[in-house]
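Remarks on the structure that follows.
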Amino acid sequence: METTISSALKALKMPGMAESWRVMEETHQLDKLSVREAMPLLLQAEMDNRETNRISKLIKGAGFRLTATIEELDINAARGVPADVITQLGTGEYIKMGGTIIISGAAGTGKTYLANALGDKACRQGYKVSYFTMQRLSDQMRLARLEGKELRFFEKMTRYDLIIIDDFGMKPIEGQFQNDFEQILDDRYGKKAIIIASQLPVSDWYALFKNELIAEACLDRIIHKATRLQLKGESLRKKY
């Protein structure tokens with residue numbers, strides 16, 4: 001049966017503390033602890049619960065394609081996933097520096113999984129992340145323009161600490177979206193992080209753009225000082 005104190009704590013929106021109080025009652029810890037001893041435990045339970053909920057909200061809001069974690073990565077230098085680089089990226093320092101990560105490789109080599117794992121780690125570090133395929137980014141940008149909300153869309157994009165763009169290079173980048181894509185990159189350059197995953201080698205990216213000047217501007221922002229991971233080996237689709 002729920003006690004008056006547990007009910008009050010829930011009413012005060014302190015579910016972590018309420019659950020901890022319930023457990024303490026059931027295990028008779030309250031009979032052994034003073035208020036001074038019990039209070040830190042209750043407060044810690046509430047803080048832990050809020051942190052867990054905050055991280056869950058960030059992960060859900062990111063819209064990842066896959067459930068992936070750094071800990072479950074197949075770390076293998078021969079596959080293009082060296083331990084030292086993954087460890088460094090796992091610190092989140094590249095996000096603080098507004099860095100860029102390029103993940104390339106053939107289909108099935110784990111590009112999406114790696115990108116999602118890095119995004120998951122960023123969420124667990126408290127960063128706001130959003131995952132896009134290049135097609136979805138293009139569609140959302142086009143819809144924003146049709147509704148006259150392109151400025152609001154650009155502003156929303158700058159609020160993400162990290163954006164992940166998957167399936168880059170699956171189709172040409174043309175029309176107004178060239179300019180919009182350049183604007184997104186320009187707004188983030190050196191300030192907010194970005195991960196781009198592509199089957200195409202970087203040397204083929206220039207040809208994706210119809211406008212040569214925009215191609216040069218975009219690639220300069222993407223490639224300059226980027227951390228590159230070239231994935232190799234057999235397809236991992238059966239594993240992931």
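The values are calculated or read from the model by the stated rules, or taken from the named source; none is laboratory data. In this text, all values refer to a predicted model and were calculated from it rather than measured experimentally. FYI the Cβ positions are ideal-geometry reconstructions off the backbone, even for glycines, and counts take in every protein chain you see. The area values use the complete protein model at the heavy-atom level, side chains included, leaving out ligands, DNA and RNA. Shrake-Rupley method; radii C 1.70, N 1.55, O 1.52, S 1.80 Å.
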Can you tell me which of 58-64, 129-135 comes out highest on packing, and rank the rest after it, using the mean Cβ neighbours within 10 Å?
129-135, 58-64
Largest first and to the nearest Å, give the Cα extent of segment 19-138 along each principal axis.
62, 34, 28
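Can you tell me what percent of all Cα-Cα pairs in segment 40-97 are more than 17 Å apart?
62
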Phi-derived 3J(HN,Hα) across segment 84-95 with the Karplus relation (6.51, -1.76, 1.60, θ = phi - 60°), rounded Hz, x for Gly and Pro, is 5, 5, 5, 4, 5, 5, x, 6, x, 4, 5, 6
Listed residue pairs exceeding 29 Å between alpha carbons, taken from 57/111; 149/232; 149/192:
149/232
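Express the carbon and sulfur contribution to the solvent-accessible surface of the chain as a percent, rounded to the nearest whole number, probe 1.4 angstrom.
That fraction is 54 percent.
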Enter the accessible area per residue of the chain (Å², integer; probe 1.4 Å; all protein chains in place).
56
Taking just the alpha-carbon atoms of the chain, what radius of gyration and Dmax come out, in angstrom?
22.6, 75
Residues with amide H under 5 Å of residue 169's amide H, sequence separation 5 or more or different chain, H placed in the peptide plane at 1.01 Å from N; which?
none
Of segment 18-44, those with amide N under 14 Å from the point 7 Å along the Cα→Cβ vector of residue 50 are 18, 42-44
5 Å is the cut-off here: which amide hydrogens, built 1.01 Å from N in the peptide plane, fall below it relative to residue 103, excluding neighbours closer than 5 in sequence?
196, 197, 198, 229
Enumerate the calculated ³J(HN,Hα) couplings along segment 189-195 in order (Karplus 6.51 cos²θ - 1.76 cosθ + 1.60, θ = phi - 60°), each rounded to whole Hz, writing x wherever the residue is Gly or Pro.
4, x, 10, 10, 7, 8, 10
Residue-ordered couplings for segment 110-115, obtained by feeding phi - 60° into the Karplus form 6.51 cos²θ - 1.76 cosθ + 1.60 and rounding to whole Hz (Gly and Pro as x), are x, 4, 5, 4, 4, 4
When the helix-only estimate is applied to the chain (DSSP H runs of n ≥ 4, each -39,500 (n - 2.57), divided by the residue count), what is the mean residue ellipticity at 222 nm, nearest 500 deg cm²/dmol?
-15500 deg cm²/dmol
Protection proxy ranking of 69-77, 81-89, 173-181 - average other beta-carbon atoms within 10 Å, highest first
173-181, 81-89, 69-77
